[in-house]
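What follows is one structure encoded as structure tokens, with my remarks underneath.
The values are calculated or read from the model by the stated rules, or taken from the named source; none is laboratory data. All of these numbers come straight from a predicted model, not from anything done at the bench. Please note: Cβ atoms are built from the backbone with ideal geometry, for glycine as well, and neighbour counts cover all protein chains shown. Calculation scope for accessible area: heavy atoms of the full protein, side chains included, ligands and nucleic acids excluded. Shrake-Rupley method; radii C 1.70, N 1.55, O 1.52, S 1.80 Å.
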Amino acid sequence: MKKITRKFAYSMSACLPVLILSIQGPTALADDTEPAIYSCKQCVKYTGWRGTLDFGFGYVSDDSLRFGDYRGLEEKGFYLAVDGDIHFRNLQGRYFDLYATNLGYDSRELDLRGGNQGRYEYRFGWQEIPKYRGYGTQTPFLGVGSDYLALPSDWVYASSTGDMSALNSNLAPVPLKTQRKILDAGLTLNFSRNWSYDFDYQRQEKKGTRSFGAGFYFNDATIMPAPVDFTTNQFDMNLAWSTSRAQVRLGFIGSYFDNGNESLTWGNPFASSSLTQLFRAALEPDNDSYQVNLSGAFAITPRIRLSGLAAFGRLTQDEAFLPYTINPVYSDLPLPRASLDGKLDTSTFNLAGKFTARMTNRLSFTARGKWDERDNKTPVDTYTPVVTDFIPVLPRYNRPYSYTREQNSADLRFRMHRVVRLSGGVRQLNMDRTLQAVERTEETTWWGEAKAMPTVSSQIRLKLETAKRDGSDYLQPDDGGPVDHPLMRKFNMADR
């Protein structure tokens, strides 16, 4: 279907400063004359207020969810089109910037920042993003958008959709759509010449519906509109100290996710016994994470530089478990615990994260090292799943695997000629794992490269690399689940 979008816009670029300044009074008049204080050629050459405002009407010729995806222009008709930007500068270093886009649409965006140059800055942002996940979708379910989907009272149960005589009469259009709203706020403070503090906060809300599929037994599947009610709060804080030779930054990152619906319950549209007329499935659980990090860099001499990063984080998830099934036949199956009590610690430590030494004007050396650990402290228990709320399977263990990863590398780079560069080095990757098929792998890579640039618009490269990985014995963990063929290997653990 051909789409036609028309936008009739009018600009108030010349009028806006006058309109704003009339409110501020005669002392804030815009001045295009370059002040004597500006000796910098790249400094802003104006003071006072200025900006542009574009407004008018947009027109969409036909209804189309696909055309409205990310734009928010899914319905036929006129839309208010408003864009603009406003700026302020003065000789004391104060500034203000505002950018607005698509204020009349569902895809609107606003960005605002201001402050005093070199002293402080405040930030604020707002964004909305519409996303259509289905086009022309219909459903017979009632209660769309909630965590309980019921079938109509006159529903006719059958073993196939062709025999569901009440299906067509009960189909109703349901747009599978989500609307994401993002609020950003931040602050930067420069306490002195060497100290600064940054704080940023973001809140994301995502609401709407999405497709969700689940099956009954082996052949009867239902696809239905599941609710989306996600809220994520993120914090990012940094305290930094810097001089001409050294920089140190202490930071904190936190993320907190909340799902307004812990599960989805729906009626089974297929013919079945009274025990399987309702199904239930868990949705995304609430979870939290945070990380504390310390990074820095130090120039030992003008030719030798050292940098590094140390970080520690934790991820937790303790949403209460649902019963194995809503089927009353298996209501006596005991859960091993009330919740997963999931807890995962992560740490990264870069000892001499990057050591760079310029040995001569033509020869340089770089060494890198990284130690990374994932310590999964989630308890190990025995679970007895009930597949499709109908078929219990053999008990099995959960596998909260952990690993320790060591990465080291070193390389030399030599400028043999003004157009010829030679380089080479070695990389070492060691992995120690738990609750996986291979406990340890060691991989070594050697490489060398020659590069020539005969002209400013051409380059010739020749690179040779060889790698070898050795692992411990391949033993599949016995957790009660399916067993792979004895000759099969996971690609990232196999010898090569």
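Can you tell me the FRET efficiency between ILE182 and THR360 if r is taken as the Cβ-Cβ distance and R0 is 60 Å, rounded to the nearest 0.05? Approximately 0.75, to the nearest 0.05.
With a simple spin-label model that places each label point 7 Å from the Cα along the Cα-to-Cβ direction, the separation between ARG119 and ARG210 comes to 4.6 nm.
Sorted largest first, the spans of the alpha carbon positions of the stretch 367-417 along the three principal axes are 73, 23, 12 Å. Cross-link partners of LYS131 among aspartates and glutamates, defined as those whose alpha carbon lies under 16 angstrom from its own and excluding same-chain residues fewer than eight positions apart: ASP63, ASP69, GLU74, GLU75, ASP106, GLU109, GLU205, ASP229.
Relative contact order, whole percent, for the stretch 73-167 stands at 15, derived from Cα pairs under 8 Å and 6 or more residues apart. Its Cα gyration tensor gives the stretch 371-496 an equivalent ellipsoid, and the semi-axes of that ellipsoid, as √(5λ) in whole Å with the largest first, are 46, 16, 14. Computed with a 1.4 Å probe over protein heavy atoms only, the accessible surface of the stretch 117-202 comes to 58 Å² per residue. Working note: Cα gyration tensor of the chain, eigenvalues times five, square-rooted, sorted largest first, giving semi-axes of 49, 43, 23 Å. Two decimals is fine: what is log10 I(q)/I(0) at q = 0.20 Å⁻¹ for the stretch 93-251, from a Debye sum with one equal scatterer on every Cα and no solvent? Values, matching the q order: -1.24. In the chain, Cα pairs under 8 Å separated by at least six residues give a relative contact order of 6 percent. With a simple spin-label model that places each label point 7 Å from the Cα along the Cα-to-Cβ direction, the separation between THR384 and PHE321 comes to 1.2 nm. For the stretch 45-124, the Kirkwood estimate of hydrodynamic radius, built from reciprocal distances between every pair of different alpha carbons, is 14.6 Å.
Under 8 Å for C-alpha pairs, at least 6 residues apart: give me the relative contact order for the stretch 397-496, rounded to a whole percent.
This gives 23 percent for the stretch 397-496.
From the Cα trace of the stretch 302-456, what convex hull volume per residue do you get, rounded to a whole Å³?
Values: hull volume 29.3 nm³, N = 155.
Here the figure is 189 Å³ per residue.
In Å, what Kirkwood hydrodynamic radius results for the stretch 411-461 from the alpha-carbon pair distances?
Details: mean 1/r = 0.0729 Å⁻¹.
Answer for the stretch 411-461: a Kirkwood hydrodynamic radius of 13.7 Å.
What are the semi-axes of the equivalent ellipsoid for the stretch 219-372, taken as the square roots of 5 times the Cα gyration tensor eigenvalues, largest first, in whole Å? Before the final figure, lay out each step's value.
Details: eigenvalues 574, 52, 44 Å².
Equivalent ellipsoid semi-axes, largest first: 54, 16, 15 Å.
Between ALA158 and LEU103, the distance separating the two model label sites (each 7 Å from Cα on the Cα→Cβ line) works out to 5.5 nm. Once R0 is set to 35 Å, what does the formula 1/(1 + (r/R0)^6) return for the Cβ-Cβ distance between TYR95 and SER255, expressed as a FRET efficiency to the nearest 0.05? It comes out at approximately 0.65.
As a calculated quantity, the FRET efficiency between ASP473 and PHE235 at R0 = 60 Å, using C-beta atoms, amounts to about 0.85. Only helices enter this figure: runs of n ≥ 4 DSSP H residues, each worth -39500 (n - 2.57), summed and divided by the residues of the chain, yield -500 deg cm²/dmol at 222 nm to the nearest 500. Counting only Cα atoms, the stretch 297-367 measures 79, 19, 13 Å along its principal axes, largest extent leading. Segment SER339..THR404, full-extension length gain: 20.7 nm, with 0.36 nm per residue of separation and the alpha-carbon distance subtracted. Diffusion coefficient of the stretch 284-325 by Stokes-Einstein, Kirkwood radius over Cα pairs, 10 °C, 1.306 mPa s: 112 µm²/s.
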